[in-house]
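Notes to accompany the following structure.
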């Protein structure tokens, strides 16, 4: 167990350094990795000094039960997230909402480009679908996400008349709430987002009163996928059970 904890701690710290090199410090959530790394290393040290054996048997049983239940809960939520990532979209949808992501001075981030590429593919296969690009301007962004998204799509051949902009939202709930105002009642709707994000996006859409809605998952960025899946776990728990 000592070796496992130390290896896990070192792996977390190495992954944190990799994220910094790969994307820069683009998310405060990245800090969870060094904290987890330190936690695993501390746990490894406690196992090394046989701290576990010094605990009363009943306390060891309670801690072990809590760990097993926690792992089961984590696996269940991650299973929901992965199921959403495998959603097969319907064809011929009336509207498709493309959820925004970070925009850099040079243009959409890689995560956003992957979403836009998926939207473009759907547009080519479904010529009557209208697209809503959704996202306002963050403090560290050069323009509204919706503006950059529309420009990216138009530059790759999409008819600008097929694209509506929602440029006020600051988070996923607002993305969907504000975009809904542009959609007629009874229209069928698809939501384009990163694959790991589809589960939560669909859940939020249902709570906001979308009538007929399905997910259109875009490929996730593989190197950042572990961090995205971990962050989405906490987001799903917050949106499903806390709010």
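Looking only at helices (runs of 4 or more DSSP H) that fall completely inside region 1-78, which ones have 1 or more residues that are closer than 19 Å to residue 237 by Cβ and under 32 Å from the mean Cα position of the chain (by Cα)?
32-48
Check residue 76 against each of (1) more than 29 Å from residue 191 (Cβ to Cβ); (2) surrounded by fewer than 13 Cβ atoms within 10 Å (Cβ to Cβ) and name the one condition it does not meet.
(1)
Filtering region 82-111 down to residues that are crowded, with 17+ Cβ neighbours inside 10 Å and part of a strand (DSSP E or B), which residue is nearest to the chain's Cα centre (by Cα)?
Across region 82-111, the extreme among qualifying residues is 99.
Just checking, how many residues over region 73-110 are in contact with a strand residue (DSSP E or B) (Cβ under 6 Å, 6 or more places away or on another chain) and at pLDDT 95 or above?
Residues meeting the conditions: 7.
For region 125-147, give me each residue that is at pLDDT below 95, under 21 Å from the mean Cα position of the chain (by Cα) and farther than 14 Å from residue 168 by Cβ.
139, 140
If you check residue 192 against the conditions, is it under 20 Å from the mean Cα position of the chain (by Cα), modelled with pLDDT of 95 or more, under 18 Å from residue 103 (Cα atoms) and outside the structural domain of residue 28 (by TED's automatic domain parsing)?
yes
Given the condition outside the structural domain of residue 19 (by TED's automatic domain parsing), in contact (Cβ under 8 Å) with a residue 60 or more places away in the chain and in a strand (DSSP E or B), answer yes or no: does some residue in region 112-124 qualify?
no
Considering only residues that are in contact with a helix residue (DSSP H, G or I) (Cβ under 9 Å, 6 or more places away or on another chain), on the phi < 0 side of the Ramachandran plot and surrounded by fewer than 24 Cβ atoms within 10 Å (Cβ to Cβ), which ones fall in region 202-212?
202, 203, 204, 207, 208, 210
Would you check if residue 63 is more than 21 Å from residue 166 (Cα to Cα), surrounded by 11 or more Cβ atoms within 10 Å (Cβ to Cβ) and either in contact with a strand residue (DSSP E or B) (Cβ under 9 Å, 6 or more places away or on another chain) or free of Cβ contacts under 8 Å to residues at least 40 places away in the same chain (or both)?
Considered against the rule, which asks whether it is more than 21 Å from residue 166 (Cα to Cα), surrounded by 11 or more Cβ atoms within 10 Å (Cβ to Cβ) and either in contact with a strand residue (DSSP E or B) (Cβ under 9 Å, 6 or more places away or on another chain) or free of Cβ contacts under 8 Å to residues at least 40 places away in the same chain (or both), residue 63 comes out as yes.
The values are calculated or read from the model by the stated rules, or taken from the named source; none is laboratory data. What you see is a predicted model, and the numbers here were worked out from it, not measured in a lab. So basically every Cβ, Gly included, is an ideal-geometry build from the backbone, and we count neighbours across all protein chains shown.
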